[in-house]
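Read-outs: derived from the displayed coordinates by stated rules, not from any lab. Just so it is clear, the structure is predicted and the values come from calculations on it, not from any experiment. Glycine gets a Cβ as well: all are built from the backbone with ideal geometry, and neighbour counts include every protein chain shown.
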Amino acid sequence: MLCDKTNFNVQHGIIGLYRAEPRQTGKLAMSEFTIDKDQKPLERRVDELQAALLKAEPGRLAEFTGAALEGAGESASFTFQYWNKPVELSCQDYIARDRETQQVLPSVHQAMILYYFSTPRSCPLAAKWISFSELEEGQFYNAAFQGYTSKVLFRVFGEDYQAFHQANQQLGGEKTSFGDSAYRHQIFPKLALLVVLWEGDEDFPPSYKILFEDNIDNYLPTEGSAILASMLTGKLTEAV
């Protein structure tokens with residue numbers, strides 16, 4: 001493993017630095033996230049991860065991440081799907097680009113991709129879904145996490161279950177048997193998130209939660225998991 005898990009506070013670190021932007025007109029190859037405050041901490045972390053990855057063996061990274069390693073020498077690069085979009089990551093500089101347009105991805109996406117490549121190690125296949133509070137140190141930040149995921153989903157969808165289904169289907173979610181309704185979203189080749197709905201009744205309101213595969217700490221630190229869940233929340237609410 002190339003990176004530690006203590007670089008950003010989930011409540012006041014990277015999470016507080018970005019917000020989902022409304023959809024733009026025309027074709028967008030990747031959902032944009034704009035930094036609201038100072039980008040420098042995030043950019044410094046990207047630089048650190050890139051420097052560490054330059055010392056890693058590309059073949060092992062391809063094995064652990066599920067990315068395809070194409071070319072050799074100075075032309076070698078990884079290709080993989082990220083949020084259902086083709087991405088290319090050069091082995092020369094570890095800068096991620098949209099494979100179709102060759103546009104460099106925004107800093108927050110660079111960070112997520114580099115975390116994914118820096119953290120992975122050989123691990124068993126996922127066996128079950130777990131909550132954020134079950135992640136390392138997740139219980140300490142769970143209230144904040146639910147505030148920018150579950151509570152946002154409830155505020156947007158409420159009892160409009162049809163809108164919830166349509167948003168997930170629009171994002172390419174795979175319907176899965178869990179709760180009253182759930183959709184699995186493949187973010188990286190070996191990493192998925194699950195968004196779950198428990199419908200309300202006359203006594204209780206509906207409940208929405210984002211769950212993680214129980215091996216996610218082999219692919220992302222806890223703060224990275226929180227950011228991906230926040231991204232998924234933003235994408236779902238944008239799709240309404």
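Does region 31-183 come out rounded, prolate or oblate by the C-alpha gyration tensor, with a ≥ b ≥ c the root eigenvalues, rounded set by a/c under 1.5 and, if not, prolate when a/b is larger than b/c and oblate if not? Taking the square roots of the gyration eigenvalues as a ≥ b ≥ c, region 31-183 is prolate. Positive contributions from Lys and Arg (+1) and negative ones from Asp and Glu (-1), summed over other residues with Cβ under 12 Å from the Cβ of Lys128, come out at -3.
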